[in-house]
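Some notes on the structure that comes next.
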Amino acid sequence: MAQLKENWLKQGFIDEPIADGIDLKSEIRKMCREKNAVILAHYYTVGEIQDAADFIGDSLALARKAAETDARIIVMCGVHFMAETNKLLSPDKLVLVPDLNAGCSLADSCNANDLRKFKNEHPGYKVVSYVNTTAAVKALTDVVVTSGNAKHVIDQLPVDEKIIFGPDYNLGNYINSITGRQMLLWEGGCHVHERFSVAEIVRLKALHPDAVTMAHLECKGPVLAISDVVGSTAVMLKYCIESEKTEFIVATEAGILHEMQRNCPEKTFYPVPPEVSEGGLGCSCNECEFMKMNTLQKLYNTLKYEWPCVDVDPMIAAEAVKPIQRMLEMS
Ligand code: 13P
Ligand code: SF4
């Protein structure tokens with residue numbers, strides 16, 4: 001046991017092998033009932049995690065769920081900022097993650113000290129932050145948004161409000177373009193979404209001329225400009241469920257295809273591969289390696305040992321929760 005603990009403290013996850021013959025999914029569901037735990041999973045996690053979860057959703061839906069659950073334990077299968085958001089909204093609950101190493105390149109593109117300095121250089125500006133941020137950045141923020149509600153929330157701010165928007169440049173740029181606002185944009189981005197290119201989408205459109213192209217708002221401007229539907233993961237999912245169309249080109253992390261295909265077994269989805277390489281073929285790295293750190297084995301061990309858990313410094317938490325609550329009130 002002591003060795004196991006030493007290992008997981010070092011590694012950020014529990015690597016205990018699973019005994020032969022264990023049906024992981026049914027054991028996980030059993031532990032959830034016995035321990036009064038709820039599993040929340042993002043659409044980008046692997047299919048078997050989504051299938052074992054109580055609830056799957058986009059960042060906004062996951063935050064709402066964390067705020068309203070009466071479970072004793074929340075297991076967040078996603079990335080670290082999502083677990084932090086859960087802890088901020090449910091401070092009395094134990095928030096577990098299968099792997100503490102599951103970070104986010106977008107959240108990492110803005111650190112709190114840099115943002116504090118930028119704020120000081122721009123007195124009188126309000127800070128609107130994307131939910132993909134650390135709690136320390138949220139503590140410097142006036143209102144949080146997700147890609148599911150960014151326009152709706154920002155539309156409620158006075159038209160002459162001076163705004164710093166971060167860290168996702170592409171989302172901020174898109175909101176500026178459709179609202180006519182001139183928010184100051186942080187130059188951060190997601191390494192997965194920035195890899196999608198116009199060239200790959202044009203190639204897929206030529207192969208599938210009847211397909212609807214859908215892109216996540218973290219994609220670059222030219223990709224959004226040639227897409228038919230742009231939005232959060234939930235917006236894309238809703239669209240393909242409700243549409244009469246049967247073919248979809250999807251420019252976001254490929255994990256979402258699991259839920260799209262589950263809801264629409266008769267429809268066809270083409271994941272956009274990232275950037276065309278020299279040889280004319282795209283590589284298959286349209287996956288977020290952080291989301292994929294969530295495995296069924298780690299989820300099982302997390303529930304069994306109730307570790308790793310996510311905590312937020314109480315001084316930071318007291319400030320960081322306010323802009324999230326403001327978002328939930330405004331959306
Ligand atoms: P959604 O809010 O659309 O789920 O996006 C979260 C995210 O991390 C996208 O990369
Ligand atoms: Fe972060 Fe990008 Fe992964 Fe989303 S896909 S969690 S923005 S690194």
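The residue pairs whose first member lies in region 40-51 and is under 10 Å from Leu62 (Cβ atoms), whose second member is within 15 Å of ligand 1 (Cβ to nearest atom) and among the basic types (Lys, Arg), and whose beta carbons are closer than 9 Å, counting only pairs six or more residues apart or on different chains, are Leu40/Lys65.
Entry remark, region 121-135: residues being surrounded by 21 or more Cβ atoms within 10 Å (Cβ to Cβ) and either assigned to a loop (DSSP other than H, G, I, E, B) or away from ligand 1 (no atom under 13 Å from the Cβ) (or both) number 8 in total. Within region 61-88, being in contact (Cβ under 8 Å) with a residue 60 or more places away in the chain and acidic (Asp, Glu) holds for one residue alone: Glu84. Restricting Glu329, Glu253, Glu289, Glu319 to those that are surrounded by fewer than 21 Cβ atoms within 10 Å (Cβ to Cβ) and assigned to a loop (DSSP other than H, G, I, E, B) reduces the list to Glu289.
Residues of region 220-236 that are crowded, with 17+ Cβ neighbours inside 10 Å and more than 17 Å from Leu257 (Cα to Cα): Lys220, Val223, Leu224, Ser227.
The residues in region 66-90 that are assigned to a loop (DSSP other than H, G, I, E, B), in contact with a helix residue (DSSP H, G or I) (Cβ under 7 Å, 6 or more places away or on another chain) and either within 16 Å of ligand 1 (Cβ to nearest atom) or of a type in the set (Asp, Glu) (or both) can be counted, and the count is 2.
The number of residues in region 214-250 that are in a loop (DSSP other than H, G, I, E, B), within 16 Å of ligand 2 (Cβ to nearest atom) and not hydroxyl-bearing (Ser, Thr, Tyr) comes to 4.
Just so you know, all these numbers are worked out from the coordinates, no wet-lab data involved. For clarity, every value in this text was computed on a predicted model and none was experimentally measured. Heads up, the Cβs are rebuilt from the backbone with ideal geometry, glycines too, and the neighbour counts pull from every protein chain shown.
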